[in-house]
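The next block holds one structure in the form of structure tokens; read it before the comments.
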Amino acid sequence: MTKVNLLNTMTVQFQSLLEPINQFLQCETPDDWVTAAVDEKNLEVLLIDHMICELKAAQTAMWLIRKYAVDKESGEQLLAWLKPYEDFIYRREGSLADLGKLKGLNKKLQVKSGSRYGQDLVDKMVLLIKEELHHFYQVLEIMEEKGVEYRNITSSRYAKGMMRHVKTHEPETLIDKLICGAYIEARSCERFAKLAPHVDQRLGDFYVSLLRSEARHFEDYLTLAGNIAGTDISERVRYFGEVEAALITEQDNDFKFHSGVPIT
């Protein structure tokens, strides 16, 4: 598929996926970020940071399940599921081939007695973890194809910038974290769509596949937040939308997948 055909395919086939995402976000990714992202000199950090973001998304989902929904044994099973991926990132252990042999969860997770949040949280987050870890593997696969070797990089200010505004008492803490998760997932998809027409075919096709796979994630987070709140959360959603938009549109001296406008 040529870049022109790729762009046409995205415009026609995925407009229905992008429309709710663009309506949800309070700003578009600035063109200056796209220009920096497609610069060959930034490919290495773009891919490495993307891979780390996939792991962090899985970790966040796992933390939500362990803290709020499942029993101790199931929590330990979740930790074991993520351990090989965390070993690769934090301890430089394992390889693409090793990760390709992993099977995931061995048995069904058990919702702990008295959990207020239950099976819906588990089901949505387990599916999200599976997808994020698969995408982690796919990014690593592309990195190997392009000769990009994993190295440690600093975290961007993006997620921390939103989490700084999370309330410290329950259930508001959980609700706020779910709303933040919704914005992170939506912004990721919006950036996949922004990047796809401007990169090589292999990477462009991959970003389109991610858009298709992850487009619903932000809605899953919002649905869970609304169900847990049991009341209208639109004001809180709007508030975090403003915080997120500021992080995206303000100048940023550290280029990353979710960074703001690059300082040139």
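Descriptive notes on the structure:
- Residues satisfying the stated conditions in segment 239-256, i.e. of a type outside the set (A, V, I, L, M, F, W, C) and touching a residue at least 40 places away in the same chain (Cβ under 8 Å): Tyr239, Gly241, Glu242, Glu244, Thr249, Asp252, Asp254, Lys256
- Any hit, segment 94-101, residues being more than 26 Å from Leu210 (Cα to Cα) and of a type in the set (S, T, N, Q): no
- Among the residues of segment 149-161, none qualifies, meaning not one is more than 23 Å from Phe255 (Cα to Cα), surrounded by 15 or more Cβ atoms within 10 Å (Cβ to Cβ) and touching a Cys at 6+ places or on another chain (Cβ under 9 Å).
- Of the numbered criteria (1) touching a residue at least 24 places away in the same chain (Cβ under 8 Å); (2) closer than 29 Å to Arg236 by Cα; (3) touching a helix residue (DSSP H, G or I) at 6+ places or on another chain (Cβ under 7 Å); (4) open to solvent by 30 Å² or more (accessible area, probe 1.4 Å), the one Tyr183 fails is (4).
- Residue within segment 123-146 that is among the basic types (Lys, Arg), part of a loop (DSSP other than H, G, I, E, B) and under 22 Å from Asp176 (Cβ atoms) present: no
- Looking across segment 116-148 at every residue that is in contact with a helix residue (DSSP H, G or I) (Cβ under 8 Å, 6 or more places away or on another chain) and basic (Lys, Arg), the one that is surrounded by the fewest Cβ atoms within 10 Å (Cβ to Cβ) is identified as Arg116.
- Residue count for segment 73-88, restricted to those that are out of contact with any Gly (no Cβ under 9 Å at 6 or more places or on another chain), touching a residue at least 24 places away in the same chain (Cβ under 8 Å) and not hydrophobic (A, V, I, L, M, F, W, C): 4
- Any hit, segment 108-115, residues being surrounded by 13 or more Cβ atoms within 10 Å (Cβ to Cβ), assigned to a helix (DSSP H, G or I) and touching a residue at least 24 places away in the same chain (Cβ under 8 Å): no
- Hits in segment 211-237 - residues which are in contact (Cβ under 8 Å) with a residue 12 or more places away in the chain and open to solvent by 70 Å² or more (accessible area, probe 1.4 Å): Arg212, Glu219, Asn227
The values are calculated or read from the model by the stated rules, or taken from the named source; none is laboratory data. Just so it is clear, the model here is predicted, and its values are computed rather than measured. All Cβ positions, glycine included, derive from the backbone under ideal geometry; neighbour counts span all protein chains shown. Side chains are part of the model used for accessible areas, which takes the heavy atoms of the whole protein and leaves out ligands, DNA and RNA. Shrake-Rupley method; radii C 1.70, N 1.55, O 1.52, S 1.80 Å.
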